[in-house]
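Reading through the structure tokens given below for one structure.
Every read-out reported here was derived from the displayed coordinates using simple, explicitly stated rules and does not represent laboratory data. As the structure is a computational prediction, the values presented were derived from the model and not from experiment. Note that we place each Cβ from the backbone using ideal geometry, even for glycine, and neighbour counts take in every protein chain shown.
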Amino acid sequence: MNDLKTNNLPRHIAIIMDGNGRWAKHRGKPRLFGHRAGATSMKKIVIATAKMGIEYLTVYAFSTENWKRSTEEVSGLFKLIIQYVASELNELIDANVHINVIGDYKKLPDASVKALDKMIDKTKYNDGLKFNIAINYGGRDDITRAVNQIIREREINNLSFKTGKTEVTEDDISKHLYTGKMNFDIPDPDLLIRTSGEQRLSNFLIWQSSYSELIFTKTLWPDFDEEEYRSLIEAYSNRDRRYGGIKEEIK
Ligand code: IPE
Ligand code: IPE
Ligand code: MG
């Protein structure tokens, strides 16, 4: 149930779940210990989002740049995905969550791809929260793929010749992104949250977030809880979104 002190809820929240490594370091533990705590935090936030009646949640779990980390950390993260699916899938099904993955996740090891495909398949008829996990996702990669897809389609259909249409429009690009109408049809995020105090997008949804409200919190992701989440959503609801226009005078 939504007992937030606002009716102005975001339709789509995007989260950069950052700070697992530092959280573990503060405790003298290996980075993977932090990622495990981060997975628990993610589960709680997904359920909280579903209960608030928010339509879309997209989380950044692994970027196209995260391959730069040690093989130990990278393969540990991929194994964690399998464990997550095994332990949380039933609860997510019960919460009526519909899961999708954005990003080139097929490049992960087979067992992780299989676990993700299972999660997608078992939740595909759920019509509650649309929960999108960004895995092997990069915003520049997203845009580059979209453009290449447009070129391929035009080559196949000889479209520019038939229609005389040569210019690629913003709408063409939007439609071909992972989030676009040709794929998952996810609206642009209204609110984008990043934990851990870093104030950058790190290649997350760079096209889609051009008018998102950004909130940065110092809290490390494993410490991020429902109470803080609710307070950030309330802060969002008081923001004045103008999209380059002028605020209408209240008569
Ligand atoms: C975010 O936490 C999770 C992933 C990138 C997978 P980090 O692992 O980046 O944690 P910090 O930033 O090193 O603390
Ligand atoms: C962004 O965090 C990626 C995820 C949270 C999955 P990073 O920790 O990889 O970002 P940088 O390196 O600090 O910019
Ligand atoms: Mg980080």
TODO: Please express the shape of segment 188-251 as an equivalent ellipsoid: the semi-axes are the square roots of 5 times the eigenvalues of the C-alpha gyration tensor, given largest first in whole angstrom.
DONE: 24, 16, 8
Task: Compactness of the chain - radius of gyration and Dmax, Cα, Å - done: 19.1, 64
Open item on the list: With θ taken as phi - 60° and the coefficients 6.51, -1.76 and 1.60, list the Karplus ³J(HN,Hα) couplings across segment 165-170 in order, rounded to whole Hz; mark glycine and proline as x.
Closed with: 8, 10, 6, 8, 9, 4
- [ ] Mind listing the long-range amide H neighbours of residue 213? Cut-off is under 5 Å, sequence gap 5 or more, other chains count too, H placed in the peptide plane at 1.01 Å from N.
- [x] 191, 192
Open item on the list: Skipping prolines and chain starts, which residues have an amide H placed within reach, meaning under 5 Å, of the one on residue 132, given they are 5 or more residues away or on another chain?
Closed with: 57, 58, 59, 100
Task: 3J(HN,Hα) from dihedral phi, segment 126-141, Karplus parametrisation 6.51/-1.76/1.60, rounded to Hz, x for glycine, proline - done: 5, 10, x, 3, 8, 9, 10, 9, 8, 10, 6, 9, x, x, 5, 4
Open item on the list: Ranking request for peptides 13-24, 33-44: highest mean number of other beta-carbon atoms within 10 Å first, then the rest in descending order.
Closed with: 13-24, 33-44
Open item on the list: Step by step: find N for segment 33-132, compute 2.2 N^0.38 Å, then divide the Cα radius of gyration by it. What's the final number?
Closed with: 1.05
Task: Neighbourhood charge, 14 Å Cβ-Cβ cut-off, centred on residue 74 and excluding it, Lys, Arg +1 and Asp, Glu -1 - done: +2
